[in-house]
1. Relative contact order (percent) for segment 2-129, with alpha-carbon contacts under 8 angstrom and 6 or more residues of separation?
2. Could you work out how much longer the chain between Phe56 and Lys24 gets when fully extended? Use 0.36 nm per residue separation minus the Cα distance between them, nm to one decimal.
3. From Cα coordinates alone, what are the radius of gyration and Dmax values for segment 1-92 in angstrom?
Amino acid sequence: MNRLILLGFLLLMSIDTASQVCIKLAGNRIGPFEFDATWLARATAEPLIYLVLLSFGCSFVVYITLLKYAPVGPAYAAAHSHIVGVLMVSIFVFGERLSLMQALGAMAIMAGVTILAATEGRANDEAAVPTNGRRECDSKDSISERN
């Protein structure tokens, strides 16, 4: 199961990164925002906008699915790790330069996601071990035992 969760995180990061890159490309094609019908017509005629909307929908489904199987802390952090992916794409695709602070920030984000995942796993393992010799039960078990 852990492999599937890792694949889910990578899929989420990939979808989110792709959607952010598509937003940049679409914005370049549409031009700066202007509060008029011409700009709105350009925006609705841009196919990448619809790819972005589809990506957001797919990202939502993957994230909700991950929350079903993974701890909330690492899932939330991994949902925002696309920032590092976007940074890498902006360097390799758009030719932007990476500053020292950006590199340190990207490493801090990835370290944070890793630490959250590692400590959340240990915390769940410790919580699953009963301290009083009795089996821990979840709310569903306690409700069914009362009825």
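Just so you know, all these numbers are worked out from the coordinates, no wet-lab data involved. Bear in mind that the values here come from a model prediction, so they are computed numbers and not experimental data.
1. 32
2. Contour length minus the Cα-Cα distance gives 10.1 nm.
3. 15.6, 51
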